[in-house]
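Asks: First, the structure itself, so that you have it in front of you.
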Amino acid sequence: MALHAASNLETLITVFGGSGFLGRNVVRALAKRGYRIRVAVRRPELAGHLQPLGRVGQIHPVQANLRYPASVEAVMRGSETVVNLVGTLAESGAQTFDAVQTKGAETIAKAAAAIGAQMVHVSAIGADENSPSAYFRSKAAGEKAVLAAAPSATILRPSLLFGPEDQFTNRFAALARISPFLPLIGGVTRVQPAYVADVATAVADAVDDKTKPGATYELGGPDVLTMREIMEIILKITERKRMLVSLPWGLAKLKAHFLQFAPGPFKLTPDQVAMLQVDNVVSDEAKAAGLTLQGLGITPEAMEAIAPQYLWRFRAAGQFQRKNA
């Protein structure tokens, strides 16, 4: 890996997708370590919320579009390390899984290799070219393209992410507020939820050259939970009693054909149903090789410990007022 300058303030890191949920946490983690950070986003005028995460002038949002390689090359000039966090859970217009997570990743990796910059690429546990999910197939293709262009790249595969402003625990807590029941899709599917700040720390460690070149890390939290258990945790934290209604896969896919156009917490795509058909946990191989959060010296936080810190606002008003009287 490339050697960092004596002072991190002299080291420029370009982060693609730095304005998203994981991105904000990664930018904060890198800023705390003193790096200069260039955040490549499609609309920099909407990324002003990032600048207070660091010192004046430390974080600089700039415009780039993965569909235009010249803009990608321009935005990473002078960078020692390039971090790719770009991804999408639902396709929309030109933002297809293939365009964003495969071709986009390849464009970034080729540009990074051309200037000799180190590459840190965030994928996902579940990335598999034979997956029933197009999302996971595109993630696998993206990993392959990155390593072909930049063999020393570090690949980080997080499991389901949770934390303030996430699109998972907050979504179901909001749904529990307005619905008498919660749909349970893949109730026995196992996941290993990872706290977003822990994954951001792993990304920053990779930038710090603490990871093995060319290795693939799998990042999961301390607990393996079924989807039913996660829903029960959310209901417990928000102090709401809701019926959990299991949906057979066939019915879930049928509903998703209509709900993919729904707003807010009701949105569900057929591909998201396919994603839930496969366990999303750290493999035994990754554990044995030390390619995990624990292998990086990070003690992962549990959902039950962190989620109450931000899901409290979804509690029933009367119950919350009684507790704080």
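Asks: Does the range 25-47 hold any residues that are under 15 Å from the mean Cα position of the chain (by Cα) and free of Cβ contacts under 8 Å to residues at least 60 places away in the same chain, and which are they?
Replies: The one that is under 15 Å from the mean Cα position of the chain (by Cα) and free of Cβ contacts under 8 Å to residues at least 60 places away in the same chain: 27.
Asks: Inside the range 1-20, can you point out the residues that are in a helix (DSSP H, G or I) and either at pLDDT 95 or above or of a type in the set (Asp, Glu) (or both)?
Replies: Hit for the range 1-20 is 10, nothing else.
Asks: Something else now. Which condition does residue 242 not pass, out of (1) in contact with a helix residue (DSSP H, G or I) (Cβ under 7 Å, 6 or more places away or on another chain); (2) open to solvent by less than 10 Å² (accessible area, probe 1.4 Å), if it passes all the others?
Replies: Tallying (1) in contact with a helix residue (DSSP H, G or I) (Cβ under 7 Å, 6 or more places away or on another chain); (2) open to solvent by less than 10 Å² (accessible area, probe 1.4 Å), residue 242 fails exactly one: (2).
Asks: Residues being among the acidic types (Asp, Glu) and under 20 Å from residue 282 (Cβ atoms): count how many of those fall in the range 79-131.
Replies: Looking only at that region, the number is 2.
Asks: Another question, if that's okay. Being at pLDDT 95 or above, crowded, with 17+ Cβ neighbours inside 10 Å, out of contact with any strand residue (DSSP E or B) (no Cβ under 7 Å at 6 or more places or on another chain) and farther than 22 Å from residue 166 by Cβ narrows it down to one residue among 111, 117; which is it?
Replies: Being at pLDDT 95 or above, crowded, with 17+ Cβ neighbours inside 10 Å, out of contact with any strand residue (DSSP E or B) (no Cβ under 7 Å at 6 or more places or on another chain) and farther than 22 Å from residue 166 by Cβ holds for just one of 111, 117, which is 111.
Asks: Being within 27 Å of residue 91 (Cβ to Cβ), open to solvent by 80 Å² or more (accessible area, probe 1.4 Å), in contact (Cβ under 8 Å) with a residue 12 or more places away in the chain and charged (D, E, K, R) narrows it down to one residue among 267, 255; which is it?
Replies: Every option except 255 fails the conditions.
Asks: Something else: Among the residues of the range 78-91, is there at least one that is part of a strand (DSSP E or B), surrounded by fewer than 21 Cβ atoms within 10 Å (Cβ to Cβ) and of a type in the set (Ser, Thr, Tyr)?
Replies: No: the range 78-91 contains no residue that is part of a strand (DSSP E or B), surrounded by fewer than 21 Cβ atoms within 10 Å (Cβ to Cβ) and of a type in the set (Ser, Thr, Tyr).
Asks: Which residue is nearest to the chain's Cα centre (by Cα), if the candidates are limited to the range 156-210 and must be at pLDDT below 90 and β-branched (Val, Ile, Thr)?
Replies: 185
Asks: Of the residues 215, 141, 153, which single one is in contact with a helix residue (DSSP H, G or I) (Cβ under 9 Å, 6 or more places away or on another chain), open to solvent by 20 Å² or more (accessible area, probe 1.4 Å) and either in contact (Cβ under 8 Å) with a residue 12 or more places away in the chain or of a type in the set (Phe, Trp, Tyr) (or both)?
Replies: 141
Asks: Moving on to the next point. Since residue 71 meets every condition but one in (1) in contact (Cβ under 8 Å) with a residue 12 or more places away in the chain; (2) farther than 20 Å from residue 217 by Cβ; (3) open to solvent by 10 Å² or more (accessible area, probe 1.4 Å); (4) not in a strand (DSSP E or B), which condition does it not meet?
Replies: (1)
Asks: Taking only the range 20-66 into account, find how many residues are within 26 Å of residue 89 (Cβ to Cβ) and of a type in the set (Lys, Arg).
Replies: The number of residues fulfilling the criteria is 5.
Asks: Turning to a different aspect of this structure: Kindly indicate which of 262, 288 is more than 18 Å from the chain's Cα centre (by Cα) and open to solvent by less than 30 Å² (accessible area, probe 1.4 Å).
Replies: Of 262, 288, the one residue that is more than 18 Å from the chain's Cα centre (by Cα) and open to solvent by less than 30 Å² (accessible area, probe 1.4 Å) is 262.
Asks: Mind listing just one residue for me: the one in the range 5-20 that is farther than 16 Å from residue 121 by Cα and among the hydrophobic types (A, V, I, L, M, F, W, C) and, of those, most open to solvent (accessible area, probe 1.4 Å)?
Replies: 6
Asks: Of 188, 203, 224, which residue is surrounded by 21 or more Cβ atoms within 10 Å (Cβ to Cβ) and either on the phi > 0 side of the Ramachandran plot or among the hydrophobic types (A, V, I, L, M, F, W, C) (or both)?
Replies: Checking each option against the conditions leaves just 203.
Asks: Then there's this: Could you look through the range 41-59, keep only residues that are over 18 Å from residue 87 (Cα atoms) and in contact with a Pro (Cβ under 9 Å, 6 or more places away or on another chain), and pick out the one that is surrounded by the fewest Cβ atoms within 10 Å (Cβ to Cβ)?
Replies: Only one residue tops the list, namely 45.
The values are calculated or read from the model by the stated rules, or taken from the named source; none is laboratory data. Given the structure is predicted, the values throughout are model-derived calculations rather than measurements. Note that we place each Cβ from the backbone using ideal geometry, even for glycine, and neighbour counts take in every protein chain shown. All accessible areas refer to the heavy atoms of the entire protein, side chains included, with ligands and DNA or RNA removed. Shrake-Rupley method; radii C 1.70, N 1.55, O 1.52, S 1.80 Å.
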